[in-house]
Amino acid sequence: MSVKEVLQSLVDDSMVDCERIGTSNYYWAFPSKALHARKRKLEALESQLSEGSQKHASLQKSIEKAKIGRCETEERTTLAKELSSLRDQREQLKAEVEKYKDCDPQVVEEIRQANKVAKEAANRWTDNIFAIKSWAKRKFGFEENKIDKTFGIPEDFDYID
């Protein structure tokens, strides 16, 4: 590495200060600045350590409090088994309800409404196609069967009832 690269890396690491005065760059480092930086870093780490140890102690106390009332008794194990069986039963019932969701009257009504909207949209587009066909017949004098053949419109094309 060249001297310039070394100096730049030291400036980037805040180990050396740099000032541009005129056309020159001046570099300097004070030993006390590094000492103060290390002290600040040490204080920050010590405060983090003390906070972490306090949190650890409080969590240990809460674990001990929670363990006081939790003796492994026969009643507790039976209640835990009952709870797990009830949760399994609830999941099975949810799956069964999901299976029969298609027969729900509300879902059926939503499907009917969606079908009604789709039917109206199809009839609207059919009306648009008939309007374009009549415009093309008037404007260009084409026969209706030639328009149908050219654009691939089937002979039984009509509105949906």
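The values are calculated or read from the model by the stated rules, or taken from the named source; none is laboratory data. What you see is a predicted model; the values in this text were computed from it and never measured. Please note: Cβ atoms are built from the backbone with ideal geometry, for glycine as well, and neighbour counts cover all protein chains shown. For accessibility, only protein heavy atoms count, side chains too; no ligands or nucleic acids. Shrake-Rupley method; radii C 1.70, N 1.55, O 1.52, S 1.80 Å.
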Worksheet, complete the sentence: Being among the charged types (D, E, K, R) and under 30 Å from Val107 (Cβ atoms) narrows Lys67, Lys94 down to just Lys94
Item to complete: Read through the list (1) under 32 Å from the mean Cα position of the chain (by Cα); (2) open to solvent by 90 Å² or more (accessible area, probe 1.4 Å), then give the number of the only condition that Ser84 fails.
Response: (2)
Fill in: Close pairs from region 1-21: first under 23 Å from His36 (Cβ atoms), partner acidic (Asp, Glu) and open to solvent by 90 Å² or more (accessible area, probe 1.4 Å), Cβ under 9 Å, at least 6 apart
none
Item to complete: Please determine, by comparing only the residues of region 132-161 that are touching a residue at least 24 places away in the same chain (Cβ under 8 Å) and of a type in the set (A, V, I, L, M, F, W, C), which one is most open to solvent (accessible area, probe 1.4 Å).
Response: Ile160
Item to complete: Output yes when any residue across region 17-30 is in a helix (DSSP H, G or I) and either open to solvent by 100 Å² or more (accessible area, probe 1.4 Å) or farther than 30 Å from Lys4 by Cβ (or both), and no when none is.
Response: no
